[in-house]
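Enquirer: Below you will find the structure I want to go over with you.
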Amino acid sequence: MNRLKFFLPVIIFIGLAATLWKGLYLDPKELPSMLIDKPMPEFALTSVQGLPVGNADLPDQAFLLNVWGSYCLPCLIEHPTFMRLLEEGQIPVVGVNYRDQKELAIEWLQDNGDPFSFSILDEDGRFGIDLGVYGAPETYLVDANGVIRYRHVSVLDETVWKEEFMPAIAELEIKSGK
Amino acid sequence: MTIHINSLHNLNLTSLMLLLFALILLTPTSAFTQVDTFQFSSEEQQQRFRQLSDELRCPMCQNTNLTGSTGGVAEDLRREIHRMIIEGLTDEEIEQFMFERYGDFIFYRPRLRADTFFLWFGPLIFLFMGGFVAYGIFRRAKALSKIEVAFDESQQKRLEELLAEKL
């Protein structure tokens with residue numbers, strides 16, 4: 001009993017130190033998405049090209065949902081990855097043109113190439129709020145049933161593709177029993 | 001008019017300073033710091049808007065509330081709060097709307113749940129633990145000081161011998 005009394009402060013200290021030590025290495029900028037394992041929010045908007053788009057227009061297989069804007073410089077860095085995914089036919093990418101102007105968005109797609117199946121036009125950022133977006137670029141992985149499974153904030157380059165998205169997609173395939 | 005000027009002349013410096021100070025105090029400063037372009041139908045709605053955008057955190061910033069942020073998403077969220085207030089939603093419903101999209105991050109005062117319990121009451125628990133330990137130490141010290149030392153006959157004799165030796 002006395003021995004326990006002696007060691008109790010030490011045990012408490014170690015516990016506290018371990019917790020705080022772990023806290024030192026947490027990224028305060030990392031904001032977990034509330035939409036993981038939840039279905040894509042309902043939307044009835046138009047595409048950048050002016051066609052009406054809604055949930056029914058989404059691919060009936062797993063796809064990426066990429067939040068972009070013509071003002072967004074990091075989006076240019078991840079752009080080649082999406083172009084490659086399109087060329088290799090690996091996974092469809094749907095765009096969300098977030099807080100942008102239609103004309104500028106069309107110009108951006110013409111200048112740089114359009115890797116998206118279509119881009120949802122979200123000029124006032126209202127759809128972005130439903131997604132829990134807080135700035136471009138962000139990329140979501142949505143499964144064949146339209147359920148959001150993963151979110152990556154900031155640039156999705158080849159490294160992020162290999163280290164985060166490929167395993168996440170592989171996991172989806174295992175789950176769906178393919 | 002002349003009387004007025006004359007009376008001002010008669011004021012001494014201290015009274016003038018006091019007058020100036022009172023004027024500064026009476027000037028509403030806070031009313032001018034934020035320019036809202038939102039229209040509300042009542043003072044109470046505007047008050048609620050202020051309160052909510054003061055207490056909700058801008059998701060793209062690390063430590064700025066919605067009121068203070070110029071970020072795009074903060075602008076959108078202020079607009080949404082305005083819309084929801086006009087539509088007659090309660091503060092709780094608006095907070096729930098934000099929570100469903102941005103999670104605990106949006107709150108400066110996180111909700112009380114099992115996993116936030118320690119966050120809320122941790123400091124209090126530590127305070128009690130410290131107090132408990134301090135009380136124990138204090139009590140033991142007090143108890144020790146009260147112990148009366150009683151010698152038996154031979155010990156008393158030896159004590160007297162020792163004292164005598166010293167003297």
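The values are calculated or read from the model by the stated rules, or taken from the named source; none is laboratory data. Remember, it's a predicted structure, so these values are computed and weren't measured experimentally. Reconstructed Cβ throughout: ideal geometry from the backbone, glycine too, with neighbour counts over all protein chains shown. In case anyone asks, the SASA skips ligands and DNA or RNA and just uses the protein heavy atoms, side chains included. Shrake-Rupley method; radii C 1.70, N 1.55, O 1.52, S 1.80 Å.
Enquirer: Is at least one residue of the stretch A:30-48 in a helix (DSSP H, G or I), within 14 Å of chain B (Cβ to nearest Cβ) and either among the hydroxyl-bearing types (Ser, Thr, Tyr) or touching a Leu at 6+ places or on another chain (Cβ under 6 Å) (or both)? If you could, list the steps in order and put the result at the bottom.
Expert: In the first step, residues of the stretch A:30-48 are kept if they are in a helix (DSSP H, G or I); the result is none.
No: zero hits.
For (1) assigned to a helix (DSSP H, G or I); (2) at pLDDT below 90; (3) open to solvent by less than 80 Å² (accessible area, probe 1.4 Å); (4) assigned by TED's automatic domain parsing to the domain that holds B:Ser42, each residue gets a yes or a no:
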residue	(1), (2), (3), (4)
B:Gly68	no, no, yes, yes
B:Ala74	yes, no, yes, yes
B:Ile94	yes, no, yes, yes
B:Tyr102	yes, no, yes, yes
B:Pro123	yes, no, no, no
B:Phe128	yes, no, no, no
B:Phe132	yes, no, no, no
B:Gly136	yes, no, yes, no
B:Ala150	no, yes, no, no
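Enquirer: Restricting the search to the stretch A:136-160, which residues are farther than 18 Å from A:Met40 by Cβ and surrounded by fewer than 21 Cβ atoms within 10 Å (Cβ to Cβ)?
Expert: A:Ser154, A:Val155, A:Asp157, A:Glu158, A:Thr159, A:Val160
Enquirer: Can you name the condition, by its number, that B:Ala143 falls short on among (1) open to solvent by less than 70 Å² (accessible area, probe 1.4 Å); (2) modelled with pLDDT of 90 or more; (3) over 28 Å from A:Gly69 (Cβ atoms)?
Expert: Exception for B:Ala143: condition (2).
Enquirer: Under 8 Å by Cβ, and 6 or more places apart or on different chains, what pairs join a residue from the stretch B:107-123 that is of a type in the set (D, E, K, R) with one that is surrounded by 10 or more Cβ atoms within 10 Å (Cβ to Cβ) and at pLDDT 90 or above?
Expert: Once the first residue is of a type in the set (D, E, K, R) and sits in the stretch B:107-123, its partners that are surrounded by 10 or more Cβ atoms within 10 Å (Cβ to Cβ) and at pLDDT 90 or above give B:Arg109/B:Glu55; B:Arg111/B:Phe99; B:Arg111/B:Asp104.
Enquirer: Quickly run through the stretch B:80-96 and pick out the residues that are within 11 Å of another protein chain (Cβ to nearest Cβ) and free of Cβ contacts under 8 Å to residues at least 12 places away in the same chain.
Expert: B:Arg83
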